[in-house]
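A short worksheet on the structure shown next.
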Amino acid sequence: MTKRRGRCVYCGANGDLTKDHIIPRSVLPTPLGPRNVAHSCGSCNALKADLSPGQMRLLANDMRSVAGRLNRIARGVDRLCRERGLQDPLQGR
Ligand SMILES: [Zn+2]
């Protein structure tokens, strides 16, 4: 994969960048050329994978919903632990 130094277009991280196809080649009937290329960090590129812009938005919405539920559950677990004097045996690991 092409690497160059700079800032990721998605998260702004500094470092080695990968060549990202903004609209994945796998969903394109014909290549779009350089206007479809941006440089992103490997982590953003891997998360983005071959998702189309619409698929990316749906996934982000789903993740927001899951993150919200996980947050509520975590607060509930913390409250129950406090109320019942339960301790996390993995705390600090
Ligand atoms: Zn990034």
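A compact table of results
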| read-out | value |
| --- | --- |
| In order through the stretch 12-25: 3J(HN,Hα) via Karplus (6.51 cos²θ - 1.76 cosθ + 1.60), integer Hz, x for Gly, Pro | x, 4, 8, x, 6, 10, 10, 7, 9, 8, 3, 9, x, 4 |
| Residue of Ser65, Ser40, Ser52 that the Gaussian network model of the chain assigns the largest fluctuation, springs spanning Cα pairs under 10 Å | Ser65 |
| Over the chain, relative contact order from alpha-carbon pairs under 8 Å, at least 6 apart, % | 21 percent |
| 5 angstrom amide H check on Gly6, placed H, neighbours 5+ away | Gly15, Leu17 |
| Long-range amide H partners of His39 with built H, under 5 Å | Val9, Asp20 |
| Karplus-derived HN-Hα couplings along the stretch 47-60 (A = 6.51, B = -1.76, C = 1.60, θ = phi - 60°), whole Hz, x at Gly and Pro | 5, 5, 6, 9, 7, 6, x, x, 5, 4, 4, 4, 4, 4 |
| Within-15-Å neighbourhood charge of Ala49 [Cβ basis; K, R +1; D, E -1] | +1 |
| Karplus-derived HN-Hα couplings along the stretch 76-86 (A = 6.51, B = -1.76, C = 1.60, θ = phi - 60°), whole Hz, x at Gly and Pro | x, 4, 4, 4, 5, 4, 4, 4, 9, x, 8 |
| Net lengthening on full extension, Arg72/Ile22 (0.36 nm per residue, minus Cα-Cα) | 14.6 nm |
| For Asn36, net neighbour charge (Lys/Arg +1, Asp/Glu -1) across residues whose Cβ lies under 15 Å away | +2 |
| Three semi-axes of the equivalent ellipsoid, the chain, Cα gyration tensor, whole Å, largest first | 39, 18, 9 |
| Contour minus Cα-Cα distance for Arg35 and Arg93 (0.36 nm per residue) | 16.3 nm |
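Every read-out reported here was derived from the displayed coordinates using simple, explicitly stated rules and does not represent laboratory data. Note that this is a predicted model, so its numbers are computed, not measured. Counting neighbours? That spans all protein chains shown, and the Cβs are built from the backbone with ideal geometry, glycine included.
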